[in-house]
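Below: one structure, written as structure tokens.
The values are calculated or read from the model by the stated rules, or taken from the named source; none is laboratory data. In this text the structure is predicted, and so the values were computed from the model without any measurement. Don't worry about glycine lacking a Cβ; one is built from the backbone with ideal geometry, like all the others, and counts go over all protein chains shown. In case anyone asks, the SASA skips ligands and DNA or RNA and just uses the protein heavy atoms, side chains included. Shrake-Rupley method; radii C 1.70, N 1.55, O 1.52, S 1.80 Å.
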Amino acid sequence: MISEQKYWNPLLETLAHEKIRKLQLEKFKRIFSWAHERSKFHRSLYEKAGIKPRDIRSFDEIRRIPTVEKSMMRGIQRKDPFPYGDALCVPLEEVSEFRQTSGTTGQPVYQADTWQDWEWWAECWAYILWAQGYRPKDRVFLPFGYNVFVAFWAGHYAAEKIGAEVVPGGVLDTQARILKIQELQCTAMMATPTYVLGMADTAKNKMGIDPRSLAIRKITCAGEPGASIPTTKKRMEDAWGAKVYDHAGATEIGAWCFECEAQSGGLHVNEAFFLVEIQDTETGEYIEEPGRRGKMIITALDRQAQPCVRFDSKDIIEWAPEPCPCGRSFRLIKGGVVGRADDITKVKGVLLAPSAIEEVVRGLDGLADEFEVIVDKQGDIDRITLKIEILKGREGERKRIEAQLKDQLRLKTNLGYNLEFHDYGTLPRYDVKAKRFKDLREKH
Ligand SMILES: [Zn+2]
């Protein structure tokens, strides 16, 4: 019975690491030649750097290949072949899927996929779901807007692929979604951490339904780092009485990593399908050893229509020191994606990652899930304002909460904060990705 199988692909997921590396090198050569041969954009990039496919014999040579940034993709699109531009490696008639990035940091990037690419997306997600304990008997609810963003689209197809039953909760509002989960006794769902917490809040406070009384026992999160932030994960798991697992992916890359049932504090990179390199953001050096953070340069080794070859993702990651107890040989990144090179900003000369603030706020008893961080200037000096909500009935503990918050923020981030307490329910709520961090300093 397939249900009893521990791994989705037992051969690849337990392959010795040196064999995985060999496979990655062979696959890299193939996708590099493909992009070089078929796309004007890629060819001119590589010609300028003086690199030809036959030059690539080792990982050292791969590191000499120029990286691709999101801004470069913006520059070529809307041109021929419309709307993707000349990074496209297949005739337009072979494209079967359109997606675009959510554009939170500028003009969206269009992404083309062939039907084969789309099957690859679903296969990557099948590894994720299987590793998180999804099996054919599961009934999976998908509470997201099915639209131009990739979001959980491939999760939908992968759930079908592994034999689970899928309930698409597309245009329903939050209350209708919760009722549908209850009516059909759905056992698993996928959503952003913000929405997982928001749904629990609606169920409890607006509908009088305890989410733990529902049948949901597995939740797959993506889109935000929350499921890898221990305090946020705990809030979600406590609220739903379910296991919460993280996954990171991107429109331009694919579904490249996942947390497994062992919940060992890291995410497995699917190394059979992706090559992850970590580069020191200051020195440009490549990092092989665990425990040193850098930005991720990633290659999707099998994606064809609009390839992802050495994409500079700006995600900050580090290798974990230990292998995962689950037995997969795919390496782990510790604590998931810990930040974005763009988001990590200097405040009063100190490097600040917004996820560190989230970890403190979500770990403090008496505070609600929502918060907002605003960085601005008071005269010449940087100022950070943290807006938080006290839970109903806990207003009397404000002094204790304030003192603990100040201490823990100082300890975690080495910075002082201007704390603003708000009534429960008054900060903005988000359905998909939250915009909790605002840096207003450029305007001054
Ligand atoms: Zn594992």
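Quick check: at a probe of 1.4 Å, how many percent of the accessible area of segment 81-155 sits on carbon and sulfur atoms? All intermediate terms of the calculation are to be shown ahead of the outcome.
Working: 1520 of 2650 Å².
Carbon and sulfur: 57 percent of the exposed surface of segment 81-155.
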Honestly segment 100-207 on the Cα gyration tensor test (a ≥ b ≥ c root eigenvalues; a/c under 1.5 rounded, otherwise a/b vs b/c for prolate or oblate) is just oblate
Bridge orientation stat for the chain from DSSP, antiparallel percent rounded to 5, came to 65
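Taking a ≥ b ≥ c as the square roots of the eigenvalues of the Cα gyration tensor of segment 297-366, is the shape rounded (a/c under 1.5), prolate (a/b larger than b/c) or oblate? Numbers along the way, then the final one.
Values: a/c = 2.54, a/b = 1.39, b/c = 1.83.
Oblate shape, in that a/c is at least 1.5 and b/c is the bigger or equal ratio.
Quick check: net charge around A341, other residues with Cβ under 13 Å of its Cβ, Lys/Arg +1 and Asp/Glu -1?
Details: positive: K70, R293, K295, K314, R340, K346; negative: E69, D280, E282, D312, D315, D342, D343.
Result for the neighbourhood of A341: -1.
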Here P(r) for segment 1-118, Cα-Cα distances in 10 Å bins, as whole percents, is 11, 32, 31, 21, 5, 0
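With a 1.4 Å probe and every protein chain kept in, tell me what percent of the accessible surface of segment 326-401 is carbon plus sulfur.
On the way: 1590 of 3230 Å².
The C+S portion of the solvent-accessible surface of segment 326-401 is 49 percent.
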Quick P(r) readout (segment 1-47; Cα-Cα; 10 Å bins; whole %) gives 23, 29, 23, 19, 6, 0
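For the chain, report the accessible area per residue in Å² (1.4 Å probe, heavy atoms, rounded to an integer). Please list the in-between numbers first.
On the way: 19580 Å² over 444 residues.
Result: 44 Å² per residue.
When a/c reaches 1.5 or more, the comparison of a/b and b/c decides; with that in mind, is segment 198-287 rounded, prolate or oblate per its Cα gyration tensor? Please list the in-between numbers first.
Values: a/c = 2.73, a/b = 2.43, b/c = 1.12.
Prolate is the answer for segment 198-287, as a/c is 1.5 or above and a/b outweighs b/c.
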With all protein chains in place and a 1.4 Å probe, K204 shows an accessible area in Å² (nearest 10) of 100
Per the rule of 0.36 nm per residue minus the C-alpha distance, extending R292 to R394 adds in nm 32.7 nm
Sorted largest first, the Cα spans of segment 319-405 on the principal axes come out in Å as 49, 39, 18
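List the equivalent ellipsoid semi-axes of segment 177-223 in whole Å, largest first, each obtained as the square root of 5λ for an eigenvalue λ of the Cα gyration tensor.
Semi-axes from the Cα gyration tensor: 16, 14, 8 Å.
Can you give the % of DSSP beta bridges in segment 367-420 that are antiparallel, to the nearest 5? Before the final figure, lay out each step's value.
Values: 9 of 12 bridges.
Beta bridges within segment 367-420, antiparallel portion: roughly 75 percent.
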Taking only C-alpha positions in the chain, Rg and Dmax in angstrom work out to 22.3, 70
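Looking at segment 32-113, which GluC sites (Glu not before Pro) are DSSP coil and have at most 15 other C-beta atoms within 10 Å of their C-beta?
E69
Do you know the relative contact order of segment 204-340, to the nearest whole percent, from alpha carbon pairs under 8 angstrom that are 6+ apart?
Details: 273 pairs, mean separation 27.8, N = 137.
In percent, rounded to a whole number, it is 20.
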